[in-house]
Amino acid sequence: MKNSRRYSIIFLLPFILIIIINESFRLSVKEQSYHKYGFTTINSSDKISDKCTWNCHNNTSYCKAHHVKFLKNSFSKTDQLYYGEIKLLRSTGNYGLANIAILVIFIPFLILYFFIKGLNIRYEIQKIKKNG
């Protein structure tokens, strides 16, 4: 019972933290929100040279020109990975759903799974050391 409560907290804490950060950030945004597919976002879609917006999501070249501060020489390497990932998500037939399923649910869940697995292994090692 104690472990399941601990694992539930470990699992829920990142999501709660994301919600708290997003909602507190929403209060400081002065620009008009972006509306798409019936959803209202926190950021606008305006082109703002000192801040990433939905325009950066929709126009990567604008973001790269105005917001990338470091590793500009690495675009030849990072672009292959970045655009390859987008191509993979689009190849599913539903980019938005694939994006959420893989990047928002599956990968964080996988990270949390291995984190909990690591805690269990650490606990078992400590138990063996204590008894041995």
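The values are calculated or read from the model by the stated rules, or taken from the named source; none is laboratory data. None of the values given here were measured: they were computed from a predicted structure. Glycine gets a Cβ as well: all are built from the backbone with ideal geometry, and neighbour counts include every protein chain shown. All accessible areas refer to the heavy atoms of the entire protein, side chains included, with ligands and DNA or RNA removed. Shrake-Rupley method; radii C 1.70, N 1.55, O 1.52, S 1.80 Å.
Going down the table (LYS47/LYS87; LYS47/LYS117; LYS2/LYS36), which pairs top 32 Å between alpha carbons?
LYS47/LYS117; LYS2/LYS36
Once the dipole of the chain is set up with Lys and Arg at +1 and Asp and Glu at -1 on Cβ about the Cα centre, which of SER8, THR53, GLY84 lies farthest towards its positive end?
Farthest towards the positive pole: SER8.
Using alpha-carbon positions, what is the distance between the centroids of the range 1-54 and the range 82-132, in Å?
Between the Cα centre of the range 1-54 and that of the range 82-132, the gap is 20 Å.
Determine the per residue accessible area of the chain with all protein chains present and a 1.4 angstrom probe, expressed in square angstrom.
82
Please compute the volume of the convex hull spanned by the alpha-carbon atoms of the range 2-57 and report it per residue in Å³.
Given the Cα convex hull of the range 2-57, per-residue volume reads 114 Å³.
Roughly how many debye, to the nearest 20, is the charge dipole of the chain about its Cα centre, given +1 on each Lys and Arg Cβ, -1 on each Asp and Glu Cβ, and no other charges?
In total the dipole reaches around 640 debye.
May I ask you to compute the full-extension gain from HIS35 to ARG5, defined as 0.36 nm times their residue separation minus their alpha-carbon distance, rounded to one decimal in nm?
7.0 nm
Between ASP50 and GLU23, 0.36 nm times their residue separation minus their Cα-Cα distance comes to what?
7.6 nm
Run the quick spin-label model on ILE116 and TYR83: label points 7 Å from Cα toward the beta carbon, then report their separation in nm to one decimal.
3.9
Efficiency by 1/(1 + (r/R0)^6): what FRET value for VAL104 and GLU124, r their Cβ-Cβ distance, R0 = 35 Å, to the nearest 0.05? If you can, show how the numbers build up before the last one.
Values: r = 31 Å, r/R0 = 0.89.
My answer for the efficiency is 0.65.
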